[in-house]
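Below you'll find the structure, written out as structure tokens, and then a few comments.
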Amino acid sequence: MGLEFIYSQPVKIYFGAGKFELLGQILKELGLRRCVAVCDPFLSPRLDALRETIPAIVGVYADVQPNPQLSGAAATAALIREREADGVVAVGGGSTLDTAKFAAAIAYNGGEALDYFRGNLVFPLEHIPVVTVPSTAGTGSEVTQVSVMSHGTEKKTINHPAFMPRAAVVDPLLTRSVPPRATMNTGLDALAHALEGYWSRNHQPISDLMAVEAVRLVMENLEAAWRDGTNPEARASMSLAALLGGLAFALPKTAGSHACSYPLSEDYGLPHGEACAFTLDSFVRINADARLEELCRRAGLRGAEELAERIAALKKLGGLRTRLAELGQVDLDKLAHDSAVHPLMKNNPVPMDEAALRRMFARLA
Ligand code: NAD
């Protein structure tokens, strides 16, 4: 059968150093007059300073924590209703963006956040517009219809058109304050998105192009951004890599490494990027085929083996955990089982059952 695909990308993207300072103007241009801002506690003073110039911000929720809890989205939705907001602006890392997307989707539809999380209520297609302003270079949440939320220790990735942002304001200058270890975690998250979007069973040509460029940008710039967070070229390239990584996986979705990242985060507390990176070089070797070799060459590498070695070296450089022994008492059977049954595992090009995953994790003992 011939080539067939449907491609769509509805998010208006404003990219460039200094764009954050133009937020008020951008909200005006988008026709948003009463916005609730959702803000990372770290970025909150920056937003406060800017608020003088943005009359459109009528309320702020600034209590988002990493691996965001559903209760934060519920509180934000209540604030949106109370202030009768017509838009939401999210300034922060993936945790902040995902909280804002979830809150905006349910704010005017009524019902409990937990019922949406559990699937007892269906997200409406109509929702108030969200403008995303990422302050990390990793998740790509600024352009995806994904929100990752937790209720207690239960972490869930929800993929729904209700979460699609209206616009993304990507200002690489915001990422200058991200500490080196988080720079490495988030940068490898971007790499995982690009690779997994590319090797996903649902991959398609336009997403593939963005994946190749994202891999090239990460390979050429992540170490430099880690070494010197104030390096403007490296930071801008990593923000672009994260954006392209988000677009690369938005439609094909991710695969094996992301499936394994859920039990690694839930049971052993690894941050999302570190959890994805934990098995990424293993999956590069498992999924190595002619297509992946071609991606590597187009991204400036000799091949998949070099890619796997470079990922391992970046993890070591950043001080990321690479062995199960570093995670405390690990239940290998549960880890292999929970990874195998995660829905994203079905997207992996090489079928991986529980036994195969157990063997892979045993090699990382
Ligand atoms: P994060 O938002 O959890 O933030 C991590 C830490 O970095 C926080 O302490 C935060 O305060 C701090 N921080 C953020 N920006 C900073 C800055 N500019 N300077 C200094 N510190 C800063 O981190 P993240 O990696 O961006 O997001 C991870 C979350 O996103 C996870 O919950 C993950 O599951 C989710 N995620 C979502 C998608 C999606 O498409 N929606 C994709 C991948 C991951």
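Table for the structure above
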| item | result |
| --- | --- |
| Residue count for the stretch 131-147, restricted to those that are buried (at least 24 other Cβ atoms within 10 Å of the Cβ), in a strand (DSSP E or B) and within 8 Å of the ligand (Cβ to nearest atom) | 2 |
| Which listed residue, of Arg34, Arg46, Arg51, Arg83, is within 23 Å of Ser239 (Cβ to Cβ) and among the basic types (Lys, Arg) | Arg46 |
| Residue count, the stretch 64-103 (criterion: within 19 Å of Thr139 (Cβ to Cβ) and away from the ligand (no atom under 11 Å from the Cβ)) | 7 |
| Selection within the stretch 48-60 - open to solvent by 40 Å² or more (accessible area, probe 1.4 Å) and within 16 Å of the ligand (Cβ to nearest atom) | Asp48, Ala49, Val60 |
| Odd one out for Ile128, checked against (1) in a helix (DSSP H, G or I); (2) more than 12 Å from the ligand (Cβ to nearest atom); (3) surrounded by 18 or more Cβ atoms within 10 Å (Cβ to Cβ) | (1) |
| Matching residues, the stretch 251-283, being buried (at least 24 other Cβ atoms within 10 Å of the Cβ) and among the aliphatic types (A, V, I, L, M) | Ala255, Ala259, Leu264, Ala275, Ala277, Leu280 |
| Selection status of Gln204, polar (S, T, N, Q) and not assigned by TED's automatic domain parsing to the domain that holds Pro68 | yes |
| Pair list, Cβ < 9 Å and 6+ apart or interchain, from the stretch 339-364 residues that are free of Cβ contacts under 8 Å to residues at least 24 places away in the same chain and assigned by TED's automatic domain parsing to the domain that holds Ser282 to residues that are aliphatic (A, V, I, L, M) and open to solvent by 80 Å² or more (accessible area, probe 1.4 Å) | Glu354/Val341 |
| Selected residue [more than 25 Å from Pro124 (Cα to Cα), outside the structural domain of Asp208 (by TED's automatic domain parsing) and charged (D, E, K, R)] from Glu52, Glu112 | Glu52 |
| Residues being assigned to a loop (DSSP other than H, G, I, E, B), under 21 Å from the mean Cα position of the chain (by Cα) and surrounded by 18 or more Cβ atoms within 10 Å (Cβ to Cβ) - total across the stretch 316-341 | 1 |
| Selected residue [within 30 Å of Thr153 (Cβ to Cβ), without any contact (Cβ under 8 Å) to a residue 60 or more places away in the chain and open to solvent by less than 80 Å² (accessible area, probe 1.4 Å)] from Val38, Val89, Val64 | Val64 |
| Residues located in the stretch 295-315, provided they are open to solvent by 20 Å² or more (accessible area, probe 1.4 Å) and over 23 Å from the mean Cα position of the chain (by Cα) | Arg297, Arg298, Gly300, Arg302, Glu305, Glu306, Glu309 |
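The values are calculated or read from the model by the stated rules, or taken from the named source; none is laboratory data. Keep in mind it's a predicted model, so treat the numbers as computed, not measured. Methodologically, a virtual Cβ is constructed for each residue, glycine included, from the backbone with ideal geometry; neighbour enumeration extends over all protein chains shown. The area values use the complete protein model at the heavy-atom level, side chains included, leaving out ligands, DNA and RNA. Shrake-Rupley method; radii C 1.70, N 1.55, O 1.52, S 1.80 Å.
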